[in-house]
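The structure appears below as structure tokens.
The values are calculated or read from the model by the stated rules, or taken from the named source; none is laboratory data. Model, not experiment: these values are computed from the prediction. All Cβ positions, even for glycine, are placed from backbone atoms using ideal geometry, and neighbour counts span all protein chains on display.
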Amino acid sequence: MNSISLDGLIFLIGFFLLSGVFMTKITSRAGVPALVLFMILGMVLGSDITGLIDFSDVHLAQTIGMVALIVIHFEGGLRTDWNHVRPNLGGAAVLATAGVIFTAAILAGAAHYLLGLGWLESFLLGSIVGSTDAAAVFSVMAGQNIRKNMSSTLELESGSNDPMAMFLTIAFIEWLTRPEFSNGNPYLIPSFFIQMGMGLALGLGFGYLSSRLMNKIKLDASGLYAVLSMGLAISIYSVTTVTGGSGLLAVYVAGILIGNRELSHSHSIFRFHEGFAWLMQITMFVILGLLVFPNELTSWNLIWKGLVLSFVLMFIARPIAVFLCTMFFDYTFKEKLFLSWGGLRGAVPIVLATFPLLAGVPDPFLYFNMVFFIVLMSALLQGSTISIVASWLGLEAQPPPKRIHQLELISMGKANAEMLEVEISAHSPFLNQEVQTLGLPRETVISAIIRNGTLVMPTGKTMLEVGDVLYILTAKEQVPKVKLVLAEEIGIEV
């Protein structure tokens with residue numbers, strides 16, 4: 001990196017963050033994924049255009065990318081609703097494993113004949129772009145009114161298929177760089193099942209222990225719980241990787257388990273991870289953009305070959321993989337078409353493309369530049385039209401009710417109390433009934449009601465209306481009873 005003063009470096013960091021925030025606002029209106037502009041920003045600041053930053057440290061970029069993927073996978077797991085994804089678990093699991101293999105194989109065939117690569121080199125390229133990307137899918141799907149079974153399948157697939165792509169990428173690099181494995185590695189398939197099995201087992205185990213710790217420990221500030229959860233996520237990845245398991249899978253599974261259990265200070269934890277995940281996405285995509293030399297991307301030879309491979313990936317390889325992997329599952333033809341179009345590529349293929357750069361594979365920048373081009377095309381075409389395709393296929397869902405107000409508590413850990421947020425649905429039998437008829441247990445009080453953006457201080461005679469958001473203060477030991485009353489007796493979803 002060019003020599004730059006400390007003040008200049010601080011200015012650039014602030015510029016990156018502000019640019020990232022404003023870009024998300026612009027892209028949400030234009031319908032273009034924010035990650036595209038983050039990468040373009042990195043390219044503009046790089047050595048080929050403005051020359052402001054001359055960044056070529058591939059190892060540092062790979063390290064930052066892996067840390068960002070840990071954060072993004074953990075946050076994605078935290079906000080994954082198990083009740084929504086459970087019916088789609090089978091289809092997503094097959095897409096996350098066999099789907100990556102099918103996609104990689106079909107794209108490898110195209111790369112072999114189009115680029116003139118050997119079969120091992122072609123399968124390496126196919127493996128790098130074989131998986132959908134968690135960062136791209138989570139960011140694009142957020143705020144989209146798409147049927148739950150579709151969004152859940154795509155999010156679950158993207159959160160769990162990176163280990164397969166990483167495994168295949170490392171395997172083919174090993175075959176290319178280690179002569180003793182020229183006829184194949186006999187331990188390859190067993191090692192895959194060991195990695196996946198350990199990743200799943202350790203993710204479940206550490207996720208359970210982490211949620212217990214987060215509920216039992218008493219910290220002085222609520223913000224420390226978010227720091228604790230981040231430290232636990234990184235530790236889960238590290239321990240799982242060192243012991244031979246899939247760290248990313250463990251982190252994602254642990255995030256799902258933690259996010260679907262009762263947590264103290266859950267609001268502050270989730271908000272912290274949401275913001276931190278955005279920060280890591282901005283950082284990761286800008287740095288990956290810095291590694292790209294736009295002069296190389298403007299080569300007509302790269303452009304037309306990249307366009308052909310992008311076409312093969314989006315319109316041939318991904319649809320074939322989806323239809324093969326979902327043939328035994330209860331998806332309609334239109335839903336399979338949508339899953340085919342929703343296979344977004346993003347940061348993971350670009351991070352994986354740094355592996356050949358560091359492993360001594362012949363002509364490594366061919367992989368990186370081709371992968372970057374394919375990812376850019378996928379983000380521009382698929383990412384910007386995902387909601388249009390959902391609407392065209394009739395797979396839109398009713399928009400969720402917007403929460404205008406949210407009650408933020410500083411700390412209730414020492415008070416042995418919890419604040420529950422509940423919204424009255426249109427199907428509640430207690431509509432137009434008085435608050436005192438709820439039948440809540442002792443040591444429980446409705447402290448506030450938000451109605452049409454206005455604060456209502458309730459009394460026992462207050463009538464409940466559709467869309468009322470109730471903030472219920474109760475003792476921690478009464479939380480299960482309160483949820484039992486609300487969920488099972490009056491049909492309110494908590």
Inset, instruction - Please go through segment 76-103 and pick out each residue that is buried (at least 23 other Cβ atoms within 10 Å of the Cβ) and over 21 Å from the mean Cα position of the chain (by Cα). - result: none
Legend entry - Any chance Ser428 is of a type in the set (Gly, Ala, Ser), over 19 Å from His267 (Cβ atoms) and either more than 32 Å from the chain's Cα centre (by Cα) or in the same structural domain as Asn83 (by TED's automatic domain parsing) (or both): yes
Inset, instruction - Test Gly289 against the stated conditions and say whether it is in contact with a Leu (Cβ under 8 Å, 6 or more places away or on another chain) and under 30 Å from Leu60 (Cβ atoms). - result: yes
Legend entry - Answer residue from segment 234-266, given it is of a type in the set (A, V, I, L, M) and closer than 30 Å to Leu473 by Cα and is modelled with the lowest pLDDT among those: Leu263
Inset, instruction - Please enumerate the residues belonging to segment 292-342 that are touching a Leu at 6+ places or on another chain (Cβ under 8 Å) and closer than 19 Å to Ala390 by Cα. - result: Met314, Pro319, Val322, Thr326, Tyr331, Lys334, Glu335, Leu337, Phe338, Leu339, Gly342
Inset, instruction - Examine segment 349-369 for a residue that is in contact with a Lys or Arg (Cβ under 9 Å, 6 or more places away or on another chain) and within 27 Å of Ile170 (Cα to Cα), and state whether such a residue exists. - result: no
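Only helices (runs of 4 or more DSSP H) wholly contained in segment 288-368 count here; list those with 3 or more residues that are surrounded by 17 or more Cβ atoms within 10 Å (Cβ to Cβ) and either at positive phi or assigned by TED's automatic domain parsing to the domain that holds Leu35 (or both).
Those helices (runs of 4 or more DSSP H) span 300-312, 318-325, 333-341, 347-359.
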Inset, instruction - Name, by its number, the condition in (1) exposed (fewer than 14 other Cβ atoms within 10 Å of the Cβ); (2) in a loop (DSSP other than H, G, I, E, B) that does not hold for Gly245. - result: (1)
Inset, instruction - Tell me, yes or no, whether segment 218-227 has at least one residue that is part of a helix (DSSP H, G or I) and either within 19 Å of the chain's Cα centre (by Cα) or of a type in the set (Gly, Ala, Ser) (or both). - result: yes
Legend entry - Of residues in segment 437-494 being among the hydroxyl-bearing types (Ser, Thr, Tyr) and more than 32 Å from the chain's Cα centre (by Cα), the one modelled with the lowest pLDDT: Thr437
Inset, instruction - Could you please tell me which pairs satisfy a Cβ distance under 6 Å, a separation of 6+ or placement on different chains, a first residue in segment 48-67 that is closer than 12 Å to Met284 by Cβ, and a second residue that is outside any loop (DSSP other than H, G, I, E, B)? - result: Ala61/Ile287; Gln62/Thr354; Ile64/Ile287; Gly65/Met284; Gly65/Val351
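Each row is one residue, and each column tells you yes or no for (1) under 30 Å from Leu257 (Cα atoms); (2) at pLDDT 75 or above; (3) in a helix (DSSP H, G or I); (4) not assigned by TED's automatic domain parsing to the domain that holds Met284.
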{"residue": "Gly14", "(1), (2), (3), (4)": "no, yes, yes, no"}
{"residue": "Ser19", "(1), (2), (3), (4)": "no, no, yes, no"}
{"residue": "Leu37", "(1), (2), (3), (4)": "no, yes, yes, no"}
{"residue": "Gly42", "(1), (2), (3), (4)": "no, yes, yes, no"}
{"residue": "Ile53", "(1), (2), (3), (4)": "no, yes, no, no"}
{"residue": "Val67", "(1), (2), (3), (4)": "yes, yes, yes, no"}
{"residue": "Thr80", "(1), (2), (3), (4)": "yes, yes, no, no"}
Inset, instruction - Starting from segment 301-312, keep only residues that are closer than 17 Å to Thr132 by Cβ, then list their pairs with residues that are in a helix (DSSP H, G or I) and among the polar types (S, T, N, Q) whose Cβ atoms are within a distance under 9 Å, requiring at least 6 positions of separation or different chains. - result: Ser310/Ser378
Inset, instruction - Name the residue, out of Phe338, Phe276, Phe272, Phe328, that is at pLDDT 85 or above, under 21 Å from Ser152 (Cβ atoms) and either in contact with a helix residue (DSSP H, G or I) (Cβ under 7 Å, 6 or more places away or on another chain) or polar (S, T, N, Q) (or both). - result: Phe338
